[in-house]
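The values are calculated or read from the model by the stated rules, or taken from the named source; none is laboratory data. Given the structure is predicted, the values throughout are model-derived calculations rather than measurements. Cβ coordinates were reconstructed from backbone atoms using ideal geometry, including for glycine residues, and neighbour counts include every protein chain displayed.
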Amino acid sequence: MRGARGLDARPATSEGTAMSAYGIEDAGRLARVVSGQVDAGKLTLFSTMKNEMGFLPAFLAHHRAIGFEQFLIFDDASDDGTSAYLAAQSDCVVMQSDLSFGDEITYRDPDGESRRERAGTYFKIALPHLFFDGAYVAYVDADEFLLLPPGVSSISKVVTRLAAEGAPSAIATVVEFFPENVAGLSGDLPKSFDGLLEAYPYFQAEALVDLVPGRQPELLGKSKTARLFKQFDIEPKVERRGLQRLYMSSRAKKAQQFQKSPRHKTPLVLRNAESRLTGSHYANLAPSSTVLLTVAHFVFTAQFADKIARARAWGAHANGASKYRYYAELLARMQARKGSFLDENSLRYEGPQQLKVQVNNKFLMSEQISFQPLMERENQV
C-alpha cells in the first residue's frame, strides 16, 4: 500500500467523519504536478488514468481534433509507459499522489457534509478546482471519446452555448460500442478513433437519457452491458463467508452486487465555488436541458480480458471492482457459446447523425436544431 492509505482509512465516527476530512481546497496537499504547467486560459480536459497506453494515442488525438487545448491528467502510478508518454506531450499536465485511486478518504463537500469516498473520485471532484475558477472543464475516462452534435465543429461551440444559457454543465449519453461477436475481441487495439470505430462499429439504438428542465436527467432503458448480462444469465451473487453468515452489512452486500454500466455522465462542468462534480457521473446543479452530448465508450475491445484482470487485481473501482467479476463471467459464457453482441436494436455506426434520429424521438445526442438558433445568431453578429 502506498503512502497515505493509513492517513485517513480509519472508520468514521458517529458524526460521519474521521479525524481528518478533506475538502476541495485540500486537493493541493494530496496531489502534485509532476510534469507540465497548467494554463488556466486553455480549454481543458481532465482525466484519471492508470496504465492506459493502449487508448492514449487515440484519446489525445481525438480530443485535440475537437478543440481541447490542454489535458490535465491524474496518473495513478502507471507502469506501462503512460506517465512518460504524457510527460512528452506539450499540451499535457500530469499530477500524481501518494494516495492510490482506490484508497478511501473522508471527503467534506462545500455544503459541510462528510462521506467516505475513494481518492480517485475525490480527485475527479477536486483537482480541476486547483487551477480553474469560472471555466468549463471536461471529464472523460481514457476509453471514452466525446462526440459533438452534427454541425458542431468544436467543443468551444458547446462551451459558448452553455455560457450563453447560463447552464453549469452538459449531460452526455454513454453509448457502448462493440464488435459483431466475441471473436472481434481478439487482435490488437487500434491506435486511432477511426480505427476503434472500424473494429468495434456497433452501438445500441436505444434512448438512455431524457433531459428535464431544472432537474437531473431521467434515465431510460438499459445499457448494452446490462442487456448482455441478462442475455447470458449473469446475476448478482452475494457470498457470505465466516462471520458474514451471521451478519453482513449492507455495504458489504453492495460491494458484491452487480454495478450497472453507466447510461450517462456529466462530461462538461463549470468549475467555480457554486458548480462542481459530485462523483463520477453527476454534478451538483441541474444541467442544460437543451444540450445533450454523446460519449462513445469502448469497453468491449481487444483489451477486454486484460482490463478485467487488471481491474480485479487493482480493486480500485467502485465496490471492489465487483462489476469486473461479472464481466469475467460474461466473457467466459460468450466464449463458450461463441456469442454475438448483436440484437434487433444494434446498428452499425456511420456518423453522429444516427445518434439523434434512430430512437423514437428520444435522442442519444442533441438535435441539431437545439444548437442551430444560437449559432445562427452568432453568425449574424
Name every residue in segment 110-141 that is surrounded by fewer than 17 Cβ atoms within 10 Å (Cβ to Cβ) and acidic (Asp, Glu), in order of residue number.
Asp111, Glu113, Asp133
Could you grab me the full set of residues in segment 42-93 that are more than 16 Å from Pro267 (Cα to Cα) and in contact with a Pro (Cβ under 9 Å, 6 or more places away or on another chain)?
Ala58, Tyr85
Quick check: anything in segment 310-319 part of a loop (DSSP other than H, G, I, E, B), more than 18 Å from the chain's Cα centre (by Cα) and among the small types (Gly, Ala, Ser)?
no
Would you mind finding the one in Pro267, Pro201, Pro213 that is at pLDDT 95 or above and out of contact with any Pro (no Cβ under 8 Å at 6 or more places or on another chain)?
Pro267
Only one residue in Phe300, Phe363 is assigned to a loop (DSSP other than H, G, I, E, B), in contact with a Lys or Arg (Cβ under 9 Å, 6 or more places away or on another chain) and modelled with pLDDT under 80, so which one is that?
Phe363
Residues within segment 134-167 that are among the β-branched types (Val, Ile, Thr) and touching a Leu at 6+ places or on another chain (Cβ under 6 Å), tallied
1
Show me the helices (runs of 4 or more DSSP H) found entirely inside segment 93-206 where at least 1 residues are more than 20 Å from Leu43 (Cβ to Cβ).
119-126, 193-199
Within segment 219-238, residues being loosely packed, with under 15 Cβ neighbours inside 10 Å and in contact with a strand residue (DSSP E or B) (Cβ under 7 Å, 6 or more places away or on another chain) number 0
Pairs under 8 Å by beta carbon, first residue touching a residue at least 12 places away in the same chain (Cβ under 8 Å) in segment 262-273, partner hydroxyl-bearing (Ser, Thr, Tyr) and not in a strand (DSSP E or B), six or more apart or different chains?
Pro262/Ser223; Pro262/Ser280; Arg263/Ser223; Lys265/Ser280; Thr266/Tyr282; Val269/Ser275
Taking segment 72-85 only, how many residues are over 19 Å from the mean Cα position of the chain (by Cα) and part of a helix (DSSP H, G or I)?
3
Of those in segment 57-77 that are more than 25 Å from Lys157 (Cα to Cα) and not small (Gly, Ala, Ser), the residue surrounded by the most Cβ atoms within 10 Å (Cβ to Cβ) is Asp76
Pro352 versus (1) modelled with pLDDT of 90 or more; (2) touching a Leu at 6+ places or on another chain (Cβ under 7 Å); (3) under 26 Å from Leu219 (Cβ atoms); (4) assigned to a loop (DSSP other than H, G, I, E, B): which is the lone unmet condition?
(1)
Yes or no: segment 60-71 includes at least one residue that is among the polar types (S, T, N, Q), more than 22 Å from the chain's Cα centre (by Cα) and modelled with pLDDT of 95 or more.
no
Leading residue by the ranking (surrounded by the most Cβ atoms within 10 Å (Cβ to Cβ)) among those in segment 151-194 that are small (Gly, Ala, Ser) and within 21 Å of the chain's Cα centre (by Cα):
Ala172
Please verify whether segment 87-103 includes one or more residues that are closer than 22 Å to Ala302 by Cα, crowded, with 21+ Cβ neighbours inside 10 Å and touching a residue at least 12 places away in the same chain (Cβ under 8 Å).
no
